[in-house]
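Single-structure report; data block below.
The values are calculated or read from the model by the stated rules, or taken from the named source; none is laboratory data. Everything numeric in this text was worked out from a predicted model, so none of it was measured. Here the Cβ positions follow ideal geometry from the backbone for every residue, glycine too, while neighbour counts run over all protein chains shown.
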Amino acid sequence: MKKTVMALSAILLAAPAFAATTHATDETVAAAHKGENTAKEKLHEAQDKGNELKLKAEHAAEGKSNTTGSKMSESSQKAWHKTKQGTEKGWDATKEGAEKGWNKTKDGAQSLKKKVSE
């Protein structure tokens, strides 16, 4: 019985330290997501720019660089890339929001469990 009480006391004393660690971890994860999103955006911008230059080079090689069809094709490719990037940003924001919501739910459940056990 004494060992159980001492172990429980140690856990209760350490609980604030665990909570602080979890909070710092959530902030660290948010910062990592932000960095990941920025890196992904830059990568995709570079890939899209490469694809656009490749298409322009193909049109130039075919002798169609100033035709209406080639200009429309290049414009539609740019529009598609912007749409794709916007969709990815929205999806990333949704995913991060869901993750934050889940973390809050877990924290709320833990605090409720703690209140019930007291």
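Things to note:
- Members of segment 43-65 found to be closer than 13 Å to HIS81 by Cα and touching a His at 6+ places or on another chain (Cβ under 7 Å), listed by number: ASP48
Residues checked against (1) at pLDDT 90 or above; (2) among the small types (Gly, Ala, Ser); (3) out of contact with any strand residue (DSSP E or B) (no Cβ under 9 Å at 6 or more places or on another chain):
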| site | (1), (2), (3) |
| --- | --- |
| ALA17 | no, yes, yes |
| THR22 | no, no, yes |
| LYS64 | no, no, yes |
| LYS78 | yes, no, yes |
| ASP107 | no, no, yes |
| LYS114 | no, no, yes |
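- Of the residues contained in segment 108-116, none is found to be touching a Lys or Arg at 6+ places or on another chain (Cβ under 6 Å) and more than 28 Å from HIS33 (Cβ to Cβ).
- Taking the criterion of being closer than 20 Å to VAL29 by Cα and touching a residue at least 24 places away in the same chain (Cβ under 8 Å), the residues of segment 66-98 that qualify are GLU88, LYS89, ASP92, GLU96.
- Single condition ASP92 does not satisfy, out of (1) farther than 29 Å from LYS42 by Cα; (2) surrounded by 13 or more Cβ atoms within 10 Å (Cβ to Cβ): (1)
- ALA98 vs. criteria surrounded by fewer than 12 Cβ atoms within 10 Å (Cβ to Cβ), at pLDDT 85 or above and out of contact with any Leu (no Cβ under 9 Å at 6 or more places or on another chain): yes
- Pairs, first closer than 23 Å to GLY97 by Cβ in segment 30-48, second among the aliphatic types (A, V, I, L, M) and part of a helix (DSSP H, G or I), C-beta under 9 Å, six or more apart: ASN37/ALA93
- Criterion applied to GLU52, GLU27, GLU36 was being surrounded by 11 or more Cβ atoms within 10 Å (Cβ to Cβ), at pLDDT below 90, acidic (Asp, Glu) and on the phi < 0 side of the Ramachandran plot, and the one residue passing it is GLU36.
- Residue-level check: of (1) farther than 30 Å from LYS100 by Cβ; (2) exposed (fewer than 10 other Cβ atoms within 10 Å of the Cβ); (3) at pLDDT below 90, SER9 misses just (2).
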